[in-house]
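The values are calculated or read from the model by the stated rules, or taken from the named source; none is laboratory data. As the structure is a computational prediction, the values presented were derived from the model and not from experiment. Here the Cβ positions follow ideal geometry from the backbone for every residue, glycine too, while neighbour counts run over all protein chains shown. These area figures cover heavy atoms from the full protein model, side chains too; ligands, DNA and RNA do not enter into them. Shrake-Rupley method; radii C 1.70, N 1.55, O 1.52, S 1.80 Å.
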Amino acid sequence: MAPHTICSSGFPSVVHLALQISRSLEGHSCIPTLILIRACAVTVGRDAISNRAKWRVESIPVYTLKQDTTAYDGFNVYGNEDGSDIKYTTMEWWKAAALMLAETVSLGVLSLPSAFASLGMVAGIILIISLGFIATITGYAIGSFKLRYPYVHNMADAGEILAGPVGREVLGAAQVIFMVFLCASHVLTGTIAFDTMTNGASCSVVWAVVSAVICLIMTLPRTLNGISYLSVASFVSILGAIMITMIGVGIIGRQGSISATSHLTFSKGFLAVTDIIFAYAGHVAFFTFISEMKEPRDFPKTLYALQICDTTIYLIVGIVVYAYTGTTAVSPALGNTGATLRKIAFGIAMPTIMVAGVINGHVCAKLIYVRIFRREGKPSPHMTSHTLLGWGTWIVTCVLIWVFAFIIAEVIPFFNDLLGVISSLFASWFTYGISGIFWLHLHPRSERWTTPWMKTQTIFWWGIVLMGAFIMVAGLYSSIVSIIDGYKNGLFPTPFSCINRAML
């Protein structure tokens, strides 16, 4: 009998039964039957995928179709959206690129001139290009993992595939903590911006509250498509701000000496490296972005657009601002101009400071929200409907995220060292190390050493895993040393202090 005849019923249960039978026949002589059964499984699986989602994943091996009902609804983590009040999978690839660019560039670019001042021109350029290139490769690995397992919505889901329930809890908690810290960095930057624009007219704690509340309000739309338009304003905002900064430092003229290389202690040098690593720390949100794209297979276009734009911007800003400010470069970079232009630059940068924080807060809230309302792979109707419970849970989740972000921003009130802690603990893995683990998971041991090309890839990806581990240990050590030195020298304000944090 032909496979299409057997498979004509198209029920998901047939797939489950077929896979069970096929595995029981492995090692026996029933080869034609085995082939027939697996063909049936693939046929039904693909039909189910086509009917239940807007994308096809022909490359998914039949063994990745888990023997439960989640294997089919899971291809759209939000379930069947036909007739639903809230539709999530609506983003075009360019909107996703704009969101990723807004999330990644906003704060990342602001610390680069001071990183150049610590590392020197040559090391700064090499690190931006090399880390950007590696971040492109690791981002592609994340996209490949998502296409292989379409029901993955966040790092917690990926962790469950890698290491079961323990992996889910560890990576889920790490992503939430990382994104709350990112939100905190935006609250802190917003506080610095308000203090700078107003000459410290009010208690800085007040400006931190204002920043958190603004971000909270803009986080409330339930879909990424709903906030994607803000990302365009964010990108225009950061471009305008850095243009004013570069013009401003050009008008002032050279303020300090520049050098091709630098001689630093390990801790100070590596802390500057973590600033560059932070500039590529958007990977943590990639699974969620892909999950809300109309066509997830377009993700490579989104990734390339992001990496080309952000690496180009980082190089231009780092080189130009450092060339004029030299060793006097400060962070955030907008503070390198004269008093008037500094206020203007921070004013223009306010949209990107807020919107980028909103994107991080939204992705963090979405992880928690999906975790609450997706049980055993089945999305709850509250996710796609305007219900009191659905909206109430979403709003409370968003409020809690920004409350914790506010507290962290006030407890750790030092910009560069905060970025160092974040980069070391989390970006080291989410941007680099975890992608190596994804690749190794997608390529079984039996495949890794079969050809010279596979051997080269295997060595490379093991190197990426080790790179993530090294960045975490070295970066955390450097950040802790810097924080201790800062407190010893009285460089940091006390927590919840009203001290003026303006860049004067």
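For the peptides 328-338, 160-170, 282-292, what is the packing order when you average, over each peptide's residues, the other Cβ atoms within 10 Å and list the highest mean first? All intermediate terms of the calculation are to be shown ahead of the outcome.
On the way: 328-338: 22.6, 160-170: 15.3, 282-292: 25.7.
Highest-to-lowest ranking by the protection proxy: 282-292, 328-338, 160-170.
Taking the mean number of other Cβ atoms within 10 Å as a proxy for protection, how do you rank 450-460, 195-205 from highest to lowest? Don't jump to the answer; show the numbers that get you there.
Details: 450-460: 11.9, 195-205: 17.0.
Descending mean neighbour count gives 195-205, 450-460.
So for each of 243-249, 176-182 I average, over its residues, the number of other beta carbons within 10 Å; can you give me the resulting order with the highest mean first?
Put in order of decreasing packing, that is 176-182, 243-249.
Please give the Cα centre distance for region 366-391 versus region 257-312, rounded to the nearest Å.
The distance from the Cα centre of region 366-391 to that of region 257-312 comes to 31 Å.
Cα convex hull of region 123-234: how many Å³ per residue?
Convex hull of Cα atoms, per residue: 177 Å³.
Under the rule a/c < 1.5 gives rounded, and otherwise a/b versus b/c splits prolate from oblate, where does region 402-497 land using the Cα gyration tensor?
Verdict is prolate for region 402-497.
Cα gyration tensor of region 266-411, axes a ≥ b ≥ c as square roots of the eigenvalues: rounded (a/c below 1.5), prolate (a/b > b/c) or oblate?
prolate
Under a plain spin-label model, where a point goes 7 Å from the Cα along Cα-to-Cβ, how far apart in nm are Lys294 and Thr328?
Placing both labels 7 Å beyond Cα along the Cβ direction yields 5.1 nm.
Under a cut-off of 17 Å between alpha-carbon atoms, report the lysines in cross-link reach of Lys268, not counting same-chain residues fewer than 8 places apart.
Partners found: Lys488.
Roughly how compact is region 331-385, stated as its Cα Rg over 2.2 N^0.38 Å to two decimals?
Normalised Cα radius of gyration, region 331-385: 1.90.
Over region 145-243, with the other protein chains present, what is the accessible area per residue in square angstrom, probe 1.4 angstrom? Don't jump to the answer; show the numbers that get you there.
Details: 3070 Å² over 99 residues.
Using a 1.4 Å probe on heavy atoms only, each residue of region 145-243 averages 31 Å².
Over the Cα atoms of region 455-504, how large are the radius of gyration and the largest Cα-Cα distance (Dmax), in Å?
18.7, 57
Could you provide, to the nearest whole Å², the per residue accessible area of region 364-504 with probe 1.4 Å?
Values: 6800 Å² over 141 residues.
Ligands and nucleic acids excluded, the figure is 48 Å² per residue.
Tell me, Kirkwood radius of region 73-194 from alpha-carbon pair distances, in Å?
17.6
What percentage of the solvent-accessible surface of region 227-324, computed with a 1.4 Å probe over protein heavy atoms, is contributed by carbon and sulfur atoms?
Summing carbon and sulfur atoms, their accessible area is 71 percent of the total for region 227-324.
Give me the percent of accessible area attributable to carbon and sulfur for region 126-173, probe 1.4 angstrom.
Here it works out to 73 percent.
With θ set to phi - 60° and the Karplus curve 6.51 cos²θ - 1.76 cosθ + 1.60, what are the ³J(HN,Hα) couplings of region 264-281 in order, to the nearest whole Hz, using x for Gly and Pro?
10, 6, 4, 5, 5, x, 6, 4, 5, 5, 5, 5, 5, 4, 4, 5, 10, 8
Residue-wise, which Karplus ³J(HN,Hα) couplings in Hz belong to region 138-150, taking 6.51 cos²θ - 1.76 cosθ + 1.60, θ = phi - 60°, and x for glycine or proline?
5, x, 5, 5, 5, x, 5, 5, 5, 5, 6, 10, x
Could you run the Karplus curve 6.51 cos²θ - 1.76 cosθ + 1.60 with θ = phi - 60° over region 124-130 and give me ³J(HN,Hα) per residue in whole Hz, x for Gly and Pro?
After applying 6.51 cos²θ - 1.76 cosθ + 1.60, I find x, 5, 4, 5, 4, 5, 5 Hz.
For region 97-159, what does the alpha-carbon gyration tensor say about shape, rounded, prolate or oblate, given a ≥ b ≥ c as the root eigenvalues, a/c under 1.5 as rounded, and a/b over b/c as prolate? Mind showing how you got there, number by number?
Values: a/c = 3.17, a/b = 2.17, b/c = 1.46.
It is prolate, given that a/c is not under 1.5 and a/b is the larger ratio.
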